[in-house]
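Reading through the C-alpha cells given below for one structure.
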Amino acid sequence: MPNQIATYVKLHRVPIALVLLSLAFYYTFAYHLDRTDFVKLITLFASLFFLCFRIVRFEKWNMKFLLVTGMLFRLVFLLAEPNLSQDFYRFIWDGHLVANLQNPYVAAPDFLIQQKDLVIPHAQVLYKGMGELSAQHFSNYPPLNQLFFALAALLGGRDLMGSIIAMRVVIVLSDLGIVYFGRKLLKNLNRSTHLIFWYFLNPLVIVELTGNLHFEGVMLFFFVWALYLVSIKKWAWAAIPYALSICVKLVPLLFLPLFLKHLGVKKSLGFYILVGLCCLMLFVPFHSPEFIANYGQTVGLWFSNFEFNAGLYNLVKQIAIQFDGKPWELIKSYGTITKVFTVSLVLLLTFFRKNEKLSTLMGSMLWALTLYYLVTPTVHPWYIAFLVVMGIFTDYRFALIWSAAATLSYFAYAQPDFKENLVLLFVEYISVYAFIVYEIINLGKLKTIFHKK
C-alpha cells in the first residue's frame, strides 16, 4: 500500500503540487482576505484560474482526482464567513421568519426590526449585516429558496455559523449533483464527460457559491437534472425538477418557450401545465393579499433600479450623460426596453431555430441568457455560473473567459462609495465580446484548446 501511494504521487506529482498551491490560495481567500483589498483579491483569482486550467488539462480523464480536488477546495470554506457578499444575512433573516411560519414577502426588515415580538435571533446583527438596500425591500427569493433558508435557520438555531454551514452543505451537495447528472447528460450528447469539471473546479463558482452562499448551484442542480430527464425522453418527470429550479431562482422561466419545438405542441403544453402546477404548489403556502404586489414590485427593481457590472447599459448611460440625461430616469426606460428585448429574443429563438435537437435547444438557451446578461443593468459575477454550465453542453467556451473577467467588477467593493471603474468594466466586456466573435469565426480551432483529444 505505501508503495502504491508513492507510485501514485510520483506519477501525479505536478497536478498534486498545483492542488496544494490552490488549497493555500483558497485558504487565504476564505480566512485572510478583506474584499476592499482589490489587488490581493484579483491576484488570487488570476492565480486560481490559471491553476484550474492546468489541473483540468493534466487530469481530465481522472474523474476521481478532479472530484476529490473540487471537494477539497470547497471544504476549505466550511467554517468561513462569506467575505465578498452580505446576502447571507438576509438568507438567515428570511429563514427564521419561515421557520416561525411568518411570511417573508409581506413585510420588509425595516418594518419588522421595529417590532418588539420579533422572532429572529440576533435580529440586529442580521439587520445591520444585510445593508440598507436589502433591509428596505421585500424578499425577492422564490419559495423553495425560502425553504432552504428555513432549514438552515432550524439547523443553526441561534448560532449564525451553524446556519452558514447548513447552507454551505446544501450548495456543495448540489454541485455534486450537477457533476452526477451533468456527466450523464454529456454522455447522451456524445460529449466528453470531463467537461463538467470546467464548472466544478471553476474558481468563481467555488468562491461565490460555496464561499459566499449564492444558491445558483442549487438552481442549476435541478435544471441539469431536468435536462437529463428530457434527454432520455422523460419530459413529464423533467417538469418537476424544472419547476424546482424556477422556485430556487426565476431564471429558467426565460427558457420555457424554447421547449415548444423540441417537445412538440402537445407535449409542450403538458410540460408547461406540470411546471406551472408544481410552482403553484410551492407558491401557495406563501400567498397573501399583499404577496403578488410585493413580490412583483421587488423583482421589478432588478430591471428599473439596480445596476452593477453592466456592459451595454454603461455605454448607453455615458452617452446619455453627455446629452444631459438623468441616470435615474434612464435606467427605468432602459429596464423597460430590456424586458421587451429579452421577450422578443426568446420568441425569435423559439420560432426561428431548429430546437428539435437537444444540443440546439441548449445552444438557444445559452444565447438567450448571454444576450440578456450583455444588455441588462445588473450582472453580479455569480450569475455567470449559469453560462458556465450551459457552455459545457455546447461548443462555446466564452463563459469560462467571462467567469474570469467578471472578477474585475470586484473593484467596486474596494471603494467607500461602491463606485465602479469603467475602464476595468470595458476590459471585462471587450474581452468577452472579442472571445465570442473569435469563437464564432474560429470555433473548430478553439475547441482544441479546451477539448484536446
* Residue separation times 0.36 nm, minus the C-alpha to C-alpha distance between Y272 and Q102: what's the value? -> 58.2 nm
* Structure fact -> Computed D for the chain, Stokes-Einstein, Kirkwood radius over alpha-carbon pairs, 37 °C, 0.692 mPa s, to the nearest µm² per second, is 142 µm²/s
* Using modelled backbone amide H atoms (1.01 Å from N, in-plane), which distant-in-sequence or interchain residues come within less than 5 Å of T394's amide H? -> none
* For region 115-204, just run the numbers: alpha carbon Rg, then divide by 2.2 N^0.38 Å, N being how many residues it has. => 1.49
* Residue-wise, which Karplus ³J(HN,Hα) couplings in Hz belong to region 226-240, taking 6.51 cos²θ - 1.76 cosθ + 1.60, θ = phi - 60°, and x for glycine or proline? -> 4, 5, 4, 5, 5, 5, 9, 6, 9, 5, 5, 5, 5, 4, 5
* To do: May I ask for the net charge around S431, where only other residues with Cβ less than 15 Å from the Cβ of S431 are counted and Lys, Arg are +1 while Asp, Glu are -1?
  => -1
* To do: Return the carbon/sulfur percentage of the accessible area of the chain, one whole number, probe 1.4 Å, all protein chains in place.
  => 67 percent
* Structure fact -> Descending packing, highest mean Cβ count within 10 Å first, for 182-192, 86-96, 259-269, 378-388 is 86-96, 378-388, 182-192, 259-269
* Going from the alpha-carbon gyration tensor of region 59-193, what semi-axes, largest first and in whole Å, does one get by taking the root of 5 times each eigenvalue? -> 35, 16, 12
* Short version: ³J(HN,Hα) in whole Hz for each residue of region 107-124, in order, from phi by Karplus 6.51 cos²θ - 1.76 cosθ + 1.60 (θ = phi - 60°), x for Gly and Pro, what are they? -> 8, 7, x, 4, 7, 5, 5, 8, 7, 6, 9, 4, 8, 8, x, 6, 4, 5
* Distance (nanometres) between label positions extended 7 Å along Cα→Cβ at W61 and D37 -> 4.2 nm
* Structure fact -> Over all Cα pairs of region 42-132, the Kirkwood radius sets Rh, and Rg/Rh then becomes 1.21
* **Value of Rg/Rh across region 294-418 [Cα atoms, Kirkwood radius]** => 1.01
* **Cα convex hull of region 113-161 - mean projected area over all directions, nm²** => 3.9 nm²
* To do: Would you compute the Debye intensity of region 1-59 from its alpha-carbon atoms alone, equal scatterers and no solvent, and pass along log10 I(q)/I(0) at q = 0.14, 0.16, 0.19, 0.27 Å⁻¹ to two decimals?
  => -0.48, -0.58, -0.72, -1.04
* Return the long-range amide H neighbours of F308 (sequence gap of 5 or more, or a different chain), with a cut-off of under 5 Å between placed amide H atoms. => T378, V379
* Structure fact -> With R₀ set to 51 angstrom, the calculated FRET efficiency between the beta-carbons of V169 and F323, to the nearest 0.05, is 0.45
* To do: Could you go through region 125-132 in sequence order and give the Karplus-derived ³J(HN,Hα) for each residue, using 6.51 cos²θ - 1.76 cosθ + 1.60 with θ = phi - 60°, rounded to whole Hz, and x for Gly and Pro?
  => 5, 5, 5, 5, x, 6, x, 4
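The values are calculated or read from the model by the stated rules, or taken from the named source; none is laboratory data. Bear in mind the structure is a predicted one, so any value in this text is a computation, not a measurement. All Cβ positions, glycine included, derive from the backbone under ideal geometry; neighbour counts span all protein chains shown. Heads up: the accessible areas ignore ligands, DNA and RNA and are worked out on the full protein's heavy atoms, side chains in. Shrake-Rupley method; radii C 1.70, N 1.55, O 1.52, S 1.80 Å.
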